[in-house]
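Computed from the coordinates by the stated procedures, all read-outs in this text should not be read as laboratory data. Bear in mind the structure is a predicted one, so any value in this text is a computation, not a measurement. Here the Cβ positions follow ideal geometry from the backbone for every residue, glycine too, while neighbour counts run over all protein chains shown.
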Amino acid sequence: MNSAAQASLHSRALGAYLGLAVGDALGATVEFLTPNEIRQQYGELRDIVGGGWLRLKAGQVTDDTQMSLALGAAILESGGWDLRNIAAHWLAWLKSKPIDVGNTCRRGLVRYGRDGSLAGAFSDGDAGNGALMRNLPAILFAFRDAERLARCAIEQAHVTHHHPLSDAATLSFARMLADLLHGGHWRDNLQQTRRTALALVEAHRQFRFDPYPKRATGYVVDTVQTVLHAFFSTDSFESCVITTVNWGGDADTTGAIAGMLAGAHYGVEAIPARWLRRLDGAVRREIEHQAPALLALGASLVEAPDGA
């Protein structure tokens with residue numbers, strides 16, 4: 001890979017990871033609010049100000065970013081894909097009494113802690129967005145190998161979420177992000193991303209996002225519709241994330257997922273500096289460490305595939 005391509009990949013990967021965190025920090029302020037309530041309180045939320053139902057400090061992140069960081073740390077610690085170590089990192093995170101954790105994630109991690117199982121049985125209650133929100137480190141690690149990418153995405157999902165709609169969304173977004181990370185002309189990338197999104201809709205009509213149904217809950221279908229509507233109807237990182245979080249609902253997670261997708265498309269340079277300045281410093285430093293390390297580890301395994 002030449003130096004220009006390497007710089008572009010680094011920008012897209014770091015943009016996705018920091019985009020996840022700033023989207024989380026921005027959206028957490030208006031989580032569980034309706035669009036009308038947001039307008040009454042903020043007009044349009046455009047800045048990372050903290051508060052919300054969790055009473056966050058400005059720049060503080062929630063479980064979306066924290067579970068992603070735990071996943072990335074586990075991959076790097078193992079020098080490859082070790083699902084048991086990933087689950088152990090998540091369980092340690094849960095035992096640290098995080099400020100927020102989804103019910104499905106909690107239930108799956110408690111099950112793992114009790115019996116050591118790395119996947120639960122199928123459940124109708126597992127169609128939330130928790131597996132989708134935290135998958136980015138696995139993508140940065142595995143995006144060069146489609147088979148490895150699919151295996152990692154689904155294995156990490158099934159630790160807590162075992163539902164075909166969760167699987168479909170997690171795998172589809174992994175492929176979209178992989179396409180964006182591979183680089184190329186921005187217009188070609190956008191067209192390929194749209195083709196992947198439309199293939200998801202073709203396979204599971206519930207995910208149809210045009211026209212937008214205007215629901216932004218933690219149900220994975222609503223989450224995907226909100227993010228894809230915002231991504232394809234805006235033309236910048238900032239407008240994509242602002243549009244997403246101002247729909248309210250599960251806004252920390254929709255904001256995080258929109259941020260990772262837009263960050264991979266527009267690059268880290270497109271993230272507003274005022275948001276990066278507000279982001280928790282320790283979180284930012286860990287992301288800036290993990291993103292290139294995950295890329296490097298994944299590249300090394302392309303030449304030595306048995307290491308995964």
Order 252-264, 75-87 from most to least packed using the mean count of other Cβ atoms within 10 Å. 252-264, 75-87
Using modelled backbone amide H atoms (1.01 Å from N, in-plane), which distant-in-sequence or interchain residues come within less than 5 Å of residue 56's amide H? 51
Using Cα springs under 10 Å in a Gaussian network model of the chain, which residue among 155, 269, 31 shows the largest mean-square fluctuation? 269
Shape box of segment 8-302 [Cα atoms, principal axes, largest first, Å]: 47, 42, 40
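Once the piece of chain linking residue 103 and residue 32 is laid out straight, how much longer is it, given 0.36 nm per residue of separation minus the C-alpha distance between them?
Full extension of this stretch gives 24.0 nm more.
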For the chain, list the DSSP H helices whose alpha carbon atoms reach 30 Å or more along the long axis and whose average Kyte-Doolittle value is -1.0 or above? 3-27, 281-303
Taking the Cα atoms of segment 223-308 alone, what are Rg (to one decimal) and Dmax (as a whole number) in Å? 15.3, 45
Can you work out the FRET efficiency for the pair residue 206 and residue 117, with r the C-beta to C-beta distance and R0 = 35 Å, to the nearest 0.05? 0.80
When every alpha-carbon pair in segment 45-112 is counted, what percent end up more than 17 Å apart? 48 percent
Taking alpha-carbon centroids only, segment 218-292 lies from segment 120-162 a number of Å equal to 19 Å
What's the Cα-based Rg to Rh of segment 1-156, Rh via Kirkwood? 1.01
Order of 62, 217, 193 under a 10 Å beta carbon neighbour criterion, fewest first: 217, 193, 62
Alpha-carbon centroids, segment 193-217 and segment 29-89: separation in whole Å: 24 Å
By its C-alpha gyration tensor, with a ≥ b ≥ c as the square roots of the eigenvalues, how is segment 1-79 shaped: rounded for a/c under 1.5, else prolate for a/b larger than b/c, else oblate? oblate
CD proxy, 222 nm, the chain: helix-only mean residue ellipticity via -39,500 (n - 2.57) per DSSP H run with n ≥ 4, per residue, nearest 500, stands at -21000 deg cm²/dmol
